[in-house]
Structures are given as C-alpha cells and as structure tokens.
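Participant: What follows is a structure written as structure tokens; I'll ask about it next.
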Amino acid sequence: MHIEWTKVFETGHAEIDREHKAIVDIINRLEDMPEDEYSEDVGDILCQLTEYVIVHFGREEQMMLRVRYPDYDAHMLSHCQFFAHLTRFTYGFETRQTGLSRDIQEYLAGWLVEHEAIEDAAFIRYWLAYGGASAPPD
Ligand SMILES: [Fe+2]
Ligand SMILES: [Fe+2]
C-alpha cells in the first residue's frame, strides 16, 4: 500500500510538512516487507518511526504551547494514542505476529489522513493566525 504525498497532507508549515513527508517515506518502506512472514526489517522500521515521531511530536507540542493552542489536550491525546499503537505493533514484532506489516500500513495510512491532514492542519491554521510565526524561538 503505497502512500502518495498529495496536497491533502499539506499543513502550510514548511518544516512540519517536511517531517510529515519523511514519516510517509518511512511508512512506505513497509511496502517491500513480506506481508505474512517475520522480517527483522519491520522491527528496524518501527524503531526508526518511533525515534522520528518522538522528535516530531515534541516539536508540535512546543509550538502548540507557545500559542496556547486551545485543543492542545485533544491533540496530545491523539499523539499518545499513536504511541500506544506503536507499542502494540512492537509487541507484535517481538512475538512474530503474522500479517504485521499489512496491519501497520493500514493503521498508518488512516492515521496520516486523520491526524496530519485534519488535526495537524487545524493546529497550523491556528498557529499561523495567532502569531506562531512571529513568536520568539525557544
Ligand atoms: Fe504531525
Ligand atoms: Fe500532531
């Protein structure tokens, strides 16, 4: 399941969009994984995705705090739910669950649309409207 980067995913913030594209690239590496066999590479991709997303979510959370984003709690919850899924997938990898690569791709494809294209886009609209771009750096 190849995820094509389209304008639907664009938030209007160059750095956030660059990181979202990098997340899509990591997810697309799962395409080359065997769907019903155990593969060490799936573990590597889960690791890479977890490391990348920790930094990305941290950046978004700092930006939200700077403009006192009113939906901060809901957005944080959404990030936490994503980590809960990553933990479940990592457990699946460690217990050699079959069909794991397909399950991960299906979940992530849906998450990209719901989270990046809707929730992140809404937060960036607020951030741009309420002075995020002119706020002093950390
Ligand atoms: Fe994001
Ligand atoms: Fe987010």
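Participant: With respect to Glu114, is the statement that it is away from ligand 1 (no atom under 16 Å from the Cβ), closer than 26 Å to Asp44 by Cα and of a type in the set (Asp, Glu) true? If you could, list the steps in order and put the result at the bottom.
Facilitator: Values: away from ligand 1 (no atom under 16 Å from the Cβ): no; closer than 26 Å to Asp44 by Cα: yes; of a type in the set (Asp, Glu): yes.
Considered against the rule, which asks whether it is away from ligand 1 (no atom under 16 Å from the Cβ), closer than 26 Å to Asp44 by Cα and of a type in the set (Asp, Glu), Glu114 comes out as no.
Participant: Now a separate question. Quick one: Tyr72 ticks every box in (1) surrounded by 14 or more Cβ atoms within 10 Å (Cβ to Cβ); (2) more than 11 Å from ligand 2 (Cβ to nearest atom); (3) of a type in the set (Phe, Trp, Tyr) bar one, so which box is it?
Facilitator: For Tyr72, the failing item is (2).
Participant: Can you say whether Cys80 is closer than 15 Å to Glu119 by Cα and either surrounded by fewer than 12 Cβ atoms within 10 Å (Cβ to Cβ) or not aromatic (Phe, Trp, Tyr) (or both), as far as the supplied structure shows? Even if it seems obvious, please write down each step before you answer.
Facilitator: Working: closer than 15 Å to Glu119 by Cα: yes; either surrounded by fewer than 12 Cβ atoms within 10 Å (Cβ to Cβ) or not aromatic (Phe, Trp, Tyr) (or both): yes.
For Cys80, the condition - closer than 15 Å to Glu119 by Cα and either surrounded by fewer than 12 Cβ atoms within 10 Å (Cβ to Cβ) or not aromatic (Phe, Trp, Tyr) (or both) - is met.
Participant: While we're here: Go through (1) of a type in the set (Val, Ile, Thr); (2) away from ligand 2 (no atom under 13 Å from the Cβ); (3) in contact (Cβ under 8 Å) with a residue 24 or more places away in the chain; (4) in a helix (DSSP H, G or I) one by one and return the number of the condition Ile3 breaks.
Facilitator: Every listed condition holds for Ile3 apart from (4).
Participant: Surrounded by fewer than 12 Cβ atoms within 10 Å (Cβ to Cβ), of a type in the set (Val, Ile, Thr) and under 15 Å from the mean Cα position of the chain (by Cα): which single residue out of Val55, Val113 fits that description?
Facilitator: Values: Val113 fails: surrounded by fewer than 12 Cβ atoms within 10 Å (Cβ to Cβ).
On inspection, the qualifying residue turns out to be Val55.
Participant: For the range 7-44, give me the residue count where each residue is within 16 Å of ligand 1 (Cβ to nearest atom) and in a loop (DSSP other than H, G, I, E, B).
Facilitator: Number satisfying all stated conditions: 4.
Participant: In the range 2-43, which residues are among the small types (Gly, Ala, Ser) and loosely packed, with under 11 Cβ neighbours inside 10 Å?
Facilitator: Here is the first cut: in the range 2-43, the residues among the small types (Gly, Ala, Ser) are 12, 14, 22, 39, 43.
Ala14 - this is the single residue of the range 2-43 that is among the small types (Gly, Ala, Ser) and loosely packed, with under 11 Cβ neighbours inside 10 Å.
Participant: Residues Arg68, Arg102, Arg96: which one is among the basic types (Lys, Arg) and either in a helix (DSSP H, G or I) or within 16 Å of ligand 1 (Cβ to nearest atom) (or both)? Spell out how you get there, then give the answer.
Facilitator: Numbers: Arg68 fails: either in a helix (DSSP H, G or I) or within 16 Å of ligand 1 (Cβ to nearest atom) (or both); Arg96 fails: either in a helix (DSSP H, G or I) or within 16 Å of ligand 1 (Cβ to nearest atom) (or both).
Being among the basic types (Lys, Arg) and either in a helix (DSSP H, G or I) or within 16 Å of ligand 1 (Cβ to nearest atom) (or both) holds for just one of Arg68, Arg102, Arg96, which is Arg102.
Participant: All but one of (1) under 22 Å from Ala14 (Cβ atoms); (2) surrounded by 14 or more Cβ atoms within 10 Å (Cβ to Cβ); (3) modelled with pLDDT under 95 hold for Leu100, so report the exception by its number.
Facilitator: (1)
Participant: Sticking with this structure for a sec: Please name all residue pairs, on different chains or six or more residues apart, with Cβ atoms under 7 Å, provided the first residue is in the range 37-55 and is within 22 Å of Glu15 (Cα to Cα) and modelled with pLDDT under 90 and the second residue is surrounded by 15 or more Cβ atoms within 10 Å (Cβ to Cβ) and of a type in the set (A, V, I, L, M, F, W, C).
Facilitator: none
The values are calculated or read from the model by the stated rules, or taken from the named source; none is laboratory data. Keep in mind that what you see is a predicted model, and the values were worked out from it rather than measured. Please note: Cβ atoms are built from the backbone with ideal geometry, for glycine as well, and neighbour counts cover all protein chains shown.
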